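To start, the structure under review is shown below, and the notes come after it.
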4 protein chains.
Amino acid sequence: MRIGVLTGGGDCPGLNPVIRAIVRKAYNDKHEVIGFKNGWKGIIEGDTVPLDLNAVSGILPKGGTILGTSRTNPYKKDKGVENVKESFKKFKLDALVAIGGEDTLGVANKLVKEGLNVVGVPKTIDNDLNATDYTFGFDTAVNIAMECIDRLHTTAESHHRIMVAEVMGRHAGWIATHAGIAGGADVVLIPEIPIDLDKTCEILKKRHQRGRTFSIVVVAEGARLKESDVTKDQSLDEFGHVKLGGIGDYLGKEIEKRTGFETRVSVLGHIQRGGSPTAFDRVLGTRFGIKAVELVENKQFGQMVSLAGTKIIGVPLERGVEKLKTVDMELYDIAKEFFG
Amino acid sequence: MRIGVLTGGGDCPGLNPVIRAIVRKAYNDKHEVIGFKNGWKGIIEGDTVPLDLNAVSGILPKGGTILGTSRTNPYKKDKGVENVKESFKKFKLDALVAIGGEDTLGVANKLVKEGLNVVGVPKTIDNDLNATDYTFGFDTAVNIAMECIDRLHTTAESHHRIMVAEVMGRHAGWIATHAGIAGGADVVLIPEIPIDLDKTCEILKKRHQRGRTFSIVVVAEGARLKESDVTKDQSLDEFGHVKLGGIGDYLGKEIEKRTGFETRVSVLGHIQRGGSPTAFDRVLGTRFGIKAVELVENKQFGQMVSLAGTKIIGVPLERGVEKLKTVDMELYDIAKEFFG
Amino acid sequence: MRIGVLTGGGDCPGLNPVIRAIVRKAYNDKHEVIGFKNGWKGIIEGDTVPLDLNAVSGILPKGGTILGTSRTNPYKKDKGVENVKESFKKFKLDALVAIGGEDTLGVANKLVKEGLNVVGVPKTIDNDLNATDYTFGFDTAVNIAMECIDRLHTTAESHHRIMVAEVMGRHAGWIATHAGIAGGADVVLIPEIPIDLDKTCEILKKRHQRGRTFSIVVVAEGARLKESDVTKDQSLDEFGHVKLGGIGDYLGKEIEKRTGFETRVSVLGHIQRGGSPTAFDRVLGTRFGIKAVELVENKQFGQMVSLAGTKIIGVPLERGVEKLKTVDMELYDIAKEFFG
Amino acid sequence: MRIGVLTGGGDCPGLNPVIRAIVRKAYNDKHEVIGFKNGWKGIIEGDTVPLDLNAVSGILPKGGTILGTSRTNPYKKDKGVENVKESFKKFKLDALVAIGGEDTLGVANKLVKEGLNVVGVPKTIDNDLNATDYTFGFDTAVNIAMECIDRLHTTAESHHRIMVAEVMGRHAGWIATHAGIAGGADVVLIPEIPIDLDKTCEILKKRHQRGRTFSIVVVAEGARLKESDVTKDQSLDEFGHVKLGGIGDYLGKEIEKRTGFETRVSVLGHIQRGGSPTAFDRVLGTRFGIKAVELVENKQFGQMVSLAGTKIIGVPLERGVEKLKTVDMELYDIAKEFFG
């Protein structure tokens, strides 16, 4: 068989292990693999790269994706879908493995309905993709965020400061919750629950009253204010999120003003999505890649790979894209046990 | 309530997060916590340490256990069980949380049958404890082993060598399998499957034939030889394991002799169990600690905490100690896809 | 002898190794050590902490300072100097070791002239303190910045982006230059040389012309614009630095606008000063601490410890504070060899 | 000009930064670079690899050497020197940059005397090469060793054990001394000073008497026993070093026997020489590479690059190979302040 592979959307530690595993499994089972560059853009434009064992040698520990990525959507491009279909023919593809998030898999799902042989590999650093326990990249991001929070701890303690750490998580607070628990945060704020500034400051004041002279607040970039806290001078976007400088900077100012404690802000940003994947993400990415080829071999098109407990299974792409997976409130309750 | 806590057996990254979570949850719910030093030894001898919020401040990122540990078994000590019972009375314990592996939990299980209120928290760096998907410490060990294997890669490649990395895993090859997949090992050898030296060397020779000038072999310390490979000059212990210098050193010599490729050995040893826990282990340890207090609060004595998929549940101690959890062969098959 | 110790100014990985070494050397030589909390504030207010071997046990790998720190200056506080003198008497100090940067050592130097027995230990994460080859904290900061730049590399490459990394360095570009060389930056911008936006964009365009689809720009927080590049809409502070959002954000916008390449910004901020010190900083801090006690024992007051080649020596405090140590242009030329 | 490059001897983190810098500097100054594979072997056999910007793209953070290495010595091979000379002609070399340790530079020095245009770049992970303050690779090795010692600390403390860490250092104890100071070792044993077992055990016993229940002993692999401690059952090599299992294992057994404290041994081995170089080593390697090309451009053949304080200079190859650089006893005295 001839199998095409592409990676779409934001990059993520673990993409290269997926690609390597697909190529290796295909080599073992005598298939051929063609890489398309920069997501759907590559298959639309017929921009390919050969993927044999040499091409994937040494990429396992590397972050990012050797295929490159883009946010191109064939359904939003003139003749986009047509071009994809043509590439399927031109490159004699028996199947395509689309590795990506909600957008990429949404496209994959539609293409399956148009008759193309596509399987999906879910990717979201925010861990908010449905129908899989975890995706690769998330564990690496959580570990990076945790290490940063560990570092902020020592400086917060030395200067008797509050440190606000803004972490990734546009629509779901998985990274904030995990990194908050792992980093020993005194408050964790997530998109799922509007921020109550009064309560937040109350928690921090109580903590200082019992003798602690420093605190760590972890906030997801997508966390938004409680309606009653929004004042005229805040610039909000369409989702109610603080614009300009972001929620971290806003929180830092408000907390300092309301509590009187010196407060500093650290926006972790892009460093969370780079670098060598953790063991968890390398193993998960590898298992996903192998399973994706098995789905192709079994002609289970329209499915995506998924982690269910300790097993890798196939589930309908539909289920992956039908809704966002928000934070399990039982887990958030664990974080809350350590508030203050 | 008054809750006692002890940590027994080999130390593990993640023990301190468990202790901290128990103390915090107890503080929130108005219980008192008493720490017993050095496992069962401390409760036998009445050797305690107070566990309040100050005692656990800052221990989350620390490896090891602030309580100390030992391998003392009250059932193997004169008046051991009697002394434990007396300590229960003397310290007015409503319950005891025993954190430890097969031995520690085995003792806990027996004590429950003698009428003591004990719950368990499973601990095994080797991940071979039954009735839980994972235990804390394992993810840290796998990441350390993987980083070491990454390092061995660059030196193997520069010198065109075979590097044998001996990792932990006395009875089960979980660390070898995970670290082998994550580190890109060309052969992974585990206690579950006797080593076939001919086949191993065959794989390595084939790999070199297709142009690779270096290889990485990962072997669990508990891996043993196929019966027909055992010769007179090998010193084996009662389980059929190579003694003196261990399986890693033995393999290194045999591979060099049989393949003619320069081979070096690295025995990772104790560094795998030390150091700051990963985010996965800190979160899991924290969740285990919280759940242990909930088991106590619900009087679910005779249970241990357990990870099942993404949930933390209680399961009978009996199930945890009834058998060893060996490597899932589906997972080992993933490692095998990359052999050679 | 009775020796006082304090840490002033911004915190830095390596302060705890200095404190530990002072306490250990004092213990070996039968002196007594008193710690003053939070820099000059502690000696003004008589706020002390006992410093014996137990107090410093386990602090070697910890970032920050167990003594706490502040920016209090006795010369800017009513009766500040008087209070310091009183504390010298009250606590029967034979000498004081002041660990800090330009401000702290400036105060120390003045106090010596007023007759107090003070020696200094230089501390500046920016490495801009005169009369010593390096200070502790700098190597750790450079390594953290480098690791972040490594991470930005993989995401820049996957997305074909320019990444701007803003690192510490208010008045000198040591961190930017070292981290830029170590991280493989394509442009490094430092406070010593006003930024030439045209030239910067020219370099990046040329690089893309020779086939590279991503670039890394490292900029020190204190880098400022060339006068002719300053337009009305920029908010500059008294030193000519871009305010609001900082130079990194400004550069990101300008580069994207002028080159047309997608550009993202990462402001590394506080994480650079936290966390466990590197071996270099632990060894240097330890040597500094030992030498500080030797300066006291030899009554070489008015001196500070200093690294000169591979040796630790004493130099007059005066020399340390007389001027800022800016980047060696021979070193910056090394960075420039890799521009574009 | 046409410049040849080779890397000889044991591999080291920092070799790739040297190679990259040579290629970049040559590109900037319009020279051509030819890589010889596997040290002197490659130039003897005419085995080359082209070295342009693409060949060195992305190698800065990689350990090892992309050129490969070997221990081949042209003076110990039939027609070796003759072949080297022929390659000089065949490949029209204007100069050769030999990157390596005592052996490699010794050969380089002899070849210069035979009229070949060779300059050297010193490499020794043990830091025992003369006429340079430091070489690259050493800082990385020290940091890896320190991290391992940090990890051994937590397990030693939990189990109340003595941990012996055997680190690299065949003839000089630089790694042991630096990693020992940085890791907080309670005893550091180096090749420069024969081990006094009685004194060592005395120190450990005293430490336990003052309440410490664990200790860390760091020993260089090349440390040897005091003559009076050598008994019949020890197998020594020609240098008086313990054979079979090494000095670490021997020490562990003796210390446990003599002190009665449970003792474990960790032989760090090959992981110390692998992995991504630290910032210090990347910067030093880069500066060395640039300087090597400058030596060639200035026709300063017979020189090697060297770190002197904060400057990179050229020194005669002769000086580099004339003697071993052993540990500065002033530095070892720092380690001794913390004994016990």
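The mean number of Cβ atoms from other chains found within 10 Å of a Cβ in peptide C:180-187 is 5, as a whole number. With both residues required to sit in the protein assembly as shown, DSSP beta bridges show an antiparallel share near 25%.
Applying the Karplus relation 6.51 cos²θ - 1.76 cosθ + 1.60 with θ = phi - 60° to segment C:310-325 yields 3J(HN,Hα) values of 9, 10, 9, 10, x, 9, x, 3, 3, 5, x, 9, 5, 7, 7, 8 Hz, where x marks Gly and Pro.
Mind scanning A:62/A:226; B:205/D:76; A:311/A:336; B:62/C:89; A:62/C:205 and naming the pairs with a C-alpha gap bigger than 32 Å? Table pairs above 32 Å Cα-Cα are A:62/A:226; B:62/C:89.
Excluding the sites themselves, what is the longest stretch of chain D that contains no GluC sites (Glu not before Pro) in a DSSP loop with at most 16 other C-beta atoms within 10 Å? Numbers along the way, then the final one.
On the way: sites that count: D:114, D:238, D:262, D:322.
Excluding the exposed sites themselves, the longest stretch runs over D:115-237.
Close amide-amide hydrogen proximity is noted between residue A:266 and A:164, A:165, A:166, each under 5 Å apart and 5 or more residues distant or on a separate chain (H modeled in the peptide plane; Pro and chain starts excluded).
Of the trypsin sites (Lys or Arg not before Pro) found in segment D:213-292, those that fall in a DSSP loop while having at most 10 other beta-carbon atoms within 10 Å are D:232.
Amide H contacts under 5 Å for residue A:161: A:215, restricted to partners 5 or more places along the chain or on a different chain, H placed in the peptide plane at 1.01 Å from N.
In segment D:138-274, taking the dipole from charged Cβ atoms about the Cα centre, the farthest positive-side position among D:242, D:265, D:204 is held by D:204. With a 1.4 Å probe, what is the total accessible area buried between chains C and D, in Å² rounded to the nearest 100? That pair of chains buries around 3700 Å² in total. Once the partner protein chains are put back, segment D:282-306 shows a loss of at least 30 square angstrom of accessible area, versus the chain by itself, at D:282, D:283, D:286, D:287, D:290 (probe 1.4 Å, ligands and nucleic acids excluded). Computed from point charges on the beta carbon alone (+1 for Lys and Arg, -1 for Asp and Glu), the dipole magnitude for segment A:139-274 about its Cα centre is near 380 Debye.
Loop only per DSSP, at most 13 neighbouring Cβ atoms within 10 Å: give me the chymotrypsin sites (Phe, Trp or Tyr not before Pro) in segment A:198-278, ordered by residue number. For chymotrypsin sites (Phe, Trp or Tyr not before Pro) across segment A:198-278 that sit outside H, G, I, E and B with at most 13 neighbouring Cβ atoms in 10 Å, the list reads A:239. Counting only protein heavy atoms, what percent of the accessible surface of segment B:46-110 is carbon or sulfur at a 1.4 Å probe? The nonpolar share, carbon plus sulfur, comes to 46 percent. Taken over chain C, the convex hull of the Cα atoms encloses 128 Å³ per residue.
R0 = 56 Å: FRET efficiency of residue A:49 with residue B:308, Cβ-based, nearest 0.05? Write out the running numbers ahead of the final one.
Values: r = 42 Å, r/R0 = 0.75.
It comes to 0.85.
Counting, for every residue in C:328-338, the Cβ atoms of other protein chains within 10 Å of its Cβ and taking the mean gives 4. A Cβ-based charge dipole, computed about the Cα centre of the protein assembly as shown with Lys and Arg at +1 and Asp and Glu at -1, lands at about 0 debye. For segment B:215-227, in order, what is each residue's ³J(HN,Hα) by Karplus, 6.51 cos²θ - 1.76 cosθ + 1.60 with θ = phi - 60°, in whole Hz (x at glycine and Pro)? Computed from phi, the couplings for segment B:215-227 are 8, 10, 10, 9, 10, 6, 4, x, 5, 10, 6, 4, 3 Hz. Burial here means at least 40 square angstrom less accessible surface with every protein chain in place than with the chain by itself, probed at 1.4 Å; in segment B:264-279 the buried residues are B:270, B:271, B:279.
Loop only by DSSP, 11 or fewer other Cβ within 10 Å of the Cβ. Give me the trypsin sites (Lys or Arg not before Pro) in segment A:1-40 that pass, ordered by residue number.
Here the sparse-neighbourhood loop sites are A:30.
Ranking D:67, D:87, D:124 by Cα position along the charge dipole of segment D:63-135, where only Lys, Arg, Asp and Glu carry charges on their C-beta atoms, puts D:87 farthest toward the positive end. Place a point 7 Å from Cα of residue D:205 in the direction of its Cβ. Which residues in segment D:245-269 have their backbone N less than 16 Å from it? Residues passing the 16 Å test: D:254-262. By the rule of a C-alpha distance below 14 Å, with chain neighbours fewer than 8 residues away ignored, the aspartates and glutamates paired with residue C:123 are C:11, C:102, C:103, C:133, C:139, C:281.
At a threshold of 40 Å², the residues of segment B:3-43 that become less accessible to a 1.4 Å probe in the full protein assembly than in their chain on its own are B:11, B:20, B:24.
Kindly state, as a whole number, the per residue volume in cubic angstrom of the convex hull around the alpha carbon atoms of the protein assembly as shown. Display every interim value, and only then the final one.
On the way: hull volume 246.8 nm³, N = 1360.
Taking the convex hull of the Cα positions in the protein assembly as shown, it is 181 Å³ per residue.
For chain B, relative contact order (Cα pairs under 8 Å, six or more residues apart, normalised by length) works out to 23 percent.
On average, how many beta carbons from a partner chain sit within 10 Å of the beta carbon of a residue in D:137-149?
On the way: counts 0, 1, 5, 2, 1, 5, 6, 5, 1, 9, 9, 8, 4.
Mean shielding count: 4.
Could you tell me what percent of the accessible area of segment B:138-274 is made up of carbon and sulfur, with a 1.4 Å probe and every protein chain present?
Numbers: 2360 of 4920 Å².
About 48 percent, which is the carbon plus sulfur part of the accessible surface.
For residue C:14, the amide hydrogen comes within under 5 Å of the amide hydrogens of C:64, counting only partners 5 or more places away or on other chains and with H modelled in the peptide plane. Accessible surface calculations at 1.4 Å, restricted to protein heavy atoms, place chain A at 35 Å² per residue.
The values are calculated or read from the model by the stated rules, or taken from the named source; none is laboratory data. These numbers come from a predicted model, not from an experiment. Cβ sites come from the backbone with ideal geometry, for glycine too, and all protein chains shown count toward neighbours. Quick note on the areas: whole protein, heavy atoms, side chains included, nothing else; ligands and nucleic acids left out. Shrake-Rupley method; radii C 1.70, N 1.55, O 1.52, S 1.80 Å.
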